[in-house]
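Asker: This is the structure, below, for whatever I ask next.
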Amino acid sequence: MLPVKLFTDFIDLNNLFGHSSKVLAAVSGGMDSVVMVHLLKSSGVNFGIAHCNFQLRGDESTGDQEFCRRLAEQLHVPFHTINFDTLKYGADEKISTQMAARNLRYQWFEEVRIQSGYSVIALAHHQNDAIETILLNLTRGTGIAGMHGILPKNGALVRPLLFLNREQIKNIIAENRLDYVEDSSNASVKYARNKLRLEVIPKLKELNPALEQTFEKNLQHFRELEQLLAHTVADLQKRLFVYQDSEVHLLLDELKKLAPQKLLLFNLLQAFGVNETIVDDLIASLDKHPGRVFETPSYRLVIDRGKLIISPVDCQAGGEIRIRLNDRELDYPGYKLSILHDDSPLIVKNNPLAVSIDTDLLIYPLTLRAWRQGDHFYPLGMRGNKKISDFFIGEKVPLHKKNEIPLLINGNGEVIWVGGYRPDERYKVSKETKKVTIFELMKII
């Protein structure tokens with residue numbers, strides 16, 4: 001007899017899909033997927049079968065495909081199939097054959113699901129698969145998320161056989177005399193998962209014959225711990241994250257209080273692309289290294305004036321544009337620059353984003369760019385030369401904002417104006433000025 005009641009109870013308990021849902025069953029032809037489709041059929045579920053031929057085992061792959069076609073005909077359900085050149089795809093993408101097959105099948109399953117109106121994709125993973133996944137994750141290194149094993153539901157992917165273990169599936173096959181096909185590659189220990197299945201797990205079962213049941217209880221504990229951590233992190237985000245435009249600010253004193261610090265900090269910052277190495281370095285820098293900068297592919301994290309400031313990378317570096325004599329309006333990252341030539345010695349006042357410069361002192365082409373190490377100028381109203389970096393410190397410019405400030409550079413390499421802050425004393429309008437050029441920056445929001 002098929003365990004139909006246990007099957008439907010598991011589906012309902014985990015809210016895998018509704019009674020009127022249309023289900024796409026991923027079927028290899030092996031024992032697991034064969035049991036799954038017979039349970040779907042016996043439960044009255046509206047489903048279709050999808051089979052991938054990865055063309056990795058010659059006639060055996062073709063035989064599996066034909067078996068699944070006949071199974072669909074026998075059960076009177078729709079059949080979807082596709083042939084993949086898996087080796088070519090793996091070579092083109094520079095990934096392993098296993099990873100290539102995984103990517104290809106999941107992409108195709110989702111295409112079929114959408115095009116044919118299926119609600120979910122049913123996969124035939126069972127309890128032993130979950131055990132193998134945890135052991136693999138532990139071997140490779142994992143956080144709490146890697147300990148929850150295979151989830152019954154993940155988006156459109158559902159796994160309605162997770163209430164069964166491998167021995168139970170074998171018994172169902174034998175008792176119901178169900179036909180299936182055996183993948184010869186399952187006997188090869190060159191694959192890590194097979195090595196665990198064939199060599200490691202049997203040894204563990206010698207220590208604990210009820211290994212599957214024990215792991216199922218452990219999985220539940222791990223899932224609950226993961227939920228607890230997620231709730232804790234969500235509460236911390238509400239309390240600690242201060243949003244300013246596109247930035248996130250966190251007080252260092254609050255980060256120092258976190259306990260356990262590394263676990264919570266990693267989960268707080270994970271969305272910004274940080275890894276464990278960055279978290280370790282960040283913790284080491286909380287008391288010792290003001291001004292430390294950490295970068296991920298999409299974000300920059302800066303320790304500055306008692307805060308950790310996180311900002312998107314695309315907002316960091318201003319580019320570099322050339323300004324020619326006849327230019328009147330130009331785009332610069334975050335700004336629009338307008339240029340006005342006037343025959344009177346007009347001085348712009350009360351607008352830090354505009355400056356009047358003696359036209360006769362300009363050497364074209366000019367440049368508008370971000371600051372560089374070694375840049376210096378003669379700040380208007382001050383005596384002597386000053387490094388731009390020191391000027392920023394004096395003006396209390398946050399570290400992560402420095403690269404956003406545009407500098408107007410003369411053709412001879414001298415700084416004319418630190419945009420929004422101060423022009424150079426050498427280029428100010430004086431009694432001898434006959435003509436001025438007015439540069440005005442307008443922030444783009």
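Asker: Here is a list: 429, 436, 418, 397. Which entry is assigned by TED's automatic domain parsing to the domain that holds residue 364, surrounded by 15 or more Cβ atoms within 10 Å (Cβ to Cβ), within 36 Å of the chain's Cα centre (by Cα) and not aromatic (Phe, Trp, Tyr)?
Answerer: After applying the criteria, what remains is 397.
Asker: Here is a check on your reading of the model: is residue 247 under 30 Å from residue 168 (Cβ atoms) and in contact with a helix residue (DSSP H, G or I) (Cβ under 8 Å, 6 or more places away or on another chain)?
Answerer: no
Asker: OK, next. List pairs: first in region 144-155 and farther than 15 Å from residue 267 by Cα and buried (at least 18 other Cβ atoms within 10 Å of the Cβ), second at pLDDT 75 or above and among the small types (Gly, Ala, Ser), Cβ under 7 Å, 6+ apart or cross-chain?
Answerer: 149/130; 150/130
Asker: Here is a check on your reading of the model: is residue 50 modelled with pLDDT of 95 or more and small (Gly, Ala, Ser)?
Answerer: yes
Asker: What is the number of the single condition among (1) of a type outside the set (Lys, Arg); (2) over 28 Å from residue 99 (Cα atoms); (3) buried (at least 18 other Cβ atoms within 10 Å of the Cβ) that residue 42 does not meet?
Answerer: (3)
Asker: With (1) within 30 Å of residue 1 (Cβ to Cβ); (2) out of contact with any helix residue (DSSP H, G or I) (no Cβ under 6 Å at 6 or more places or on another chain) as the list, and residue 112 as the residue in question, which single condition is left unmet?
Answerer: Checking residue 112 against (1) within 30 Å of residue 1 (Cβ to Cβ); (2) out of contact with any helix residue (DSSP H, G or I) (no Cβ under 6 Å at 6 or more places or on another chain), the one that fails is (1).
Asker: Select from region 356-378 the residues that are more than 43 Å from the chain's Cα centre (by Cα) and closer than 21 Å to residue 331 by Cβ and list them in ascending order.
Answerer: Within region 356-378, 357, 362, 364 meet the criteria.
Asker: Assess whether residue 176 counts as being on the phi < 0 side of the Ramachandran plot, in contact (Cβ under 8 Å) with a residue 24 or more places away in the chain and exposed (fewer than 15 other Cβ atoms within 10 Å of the Cβ).
Answerer: Here the answer is yes, as residue 176 does meet what is asked.
Asker: Could I ask something else about it? Which residues, taken from region 1-20, are of a type in the set (Ser, Thr, Tyr) and surrounded by fewer than 16 Cβ atoms within 10 Å (Cβ to Cβ)?
Answerer: 20
Asker: Answer yes or no as to whether residue 102 is among the basic types (Lys, Arg), touching a residue at least 24 places away in the same chain (Cβ under 8 Å) and under 28 Å from residue 166 (Cα atoms).
Answerer: For residue 102, the condition - among the basic types (Lys, Arg), touching a residue at least 24 places away in the same chain (Cβ under 8 Å) and under 28 Å from residue 166 (Cα atoms) - is not met.
Asker: Free of Cβ contacts under 8 Å to residues at least 12 places away in the same chain, among the polar types (S, T, N, Q) and within 22 Å of residue 101 (Cβ to Cβ): which single residue out of 194, 208, 171 fits that description?
Answerer: From the options 194, 208, 171, the qualifying one is 194.
Asker: Just to confirm my filter: which strands (runs of 3 or more DSSP E) fall fully inside region 20-85 and include at least 1 residues that are of a type in the set (Phe, Trp, Tyr) and in the same structural domain as residue 110 (by TED's automatic domain parsing)?
Answerer: Ranges flagged: 46-53, 79-83.
Asker: Here's a follow-up. Taking region 97-137 as the search range and keeping residues that are at pLDDT below 90, surrounded by fewer than 18 Cβ atoms within 10 Å (Cβ to Cβ) and of a type in the set (S, T, N, Q), which one is nearest to residue 35 (Cα to Cα)?
Answerer: That would be 98.
Asker: Given the conditions (1) without any contact (Cβ under 8 Å) to a residue 60 or more places away in the chain; (2) touching a strand residue (DSSP E or B) at 6+ places or on another chain (Cβ under 8 Å); (3) crowded, with 18+ Cβ neighbours inside 10 Å; (4) hydrophobic (A, V, I, L, M, F, W, C), and given that residue 354 satisfies all but one, which numbered condition is not satisfied?
Answerer: Tallying (1) without any contact (Cβ under 8 Å) to a residue 60 or more places away in the chain; (2) touching a strand residue (DSSP E or B) at 6+ places or on another chain (Cβ under 8 Å); (3) crowded, with 18+ Cβ neighbours inside 10 Å; (4) hydrophobic (A, V, I, L, M, F, W, C), residue 354 fails exactly one: (1).
Asker: Residue check, residue 158 against (1) in contact with a Lys or Arg (Cβ under 9 Å, 6 or more places away or on another chain); (2) touching a residue at least 24 places away in the same chain (Cβ under 8 Å), all met but one. Which one?
Answerer: Answer for residue 158: the failing condition is (1).
The values are calculated or read from the model by the stated rules, or taken from the named source; none is laboratory data. Nothing here was measured: the structure is a model prediction, and the numbers come from that model. Positions of Cβ are generated from backbone atoms using ideal geometry, with glycine treated the same way; all protein chains shown enter the neighbour counts.
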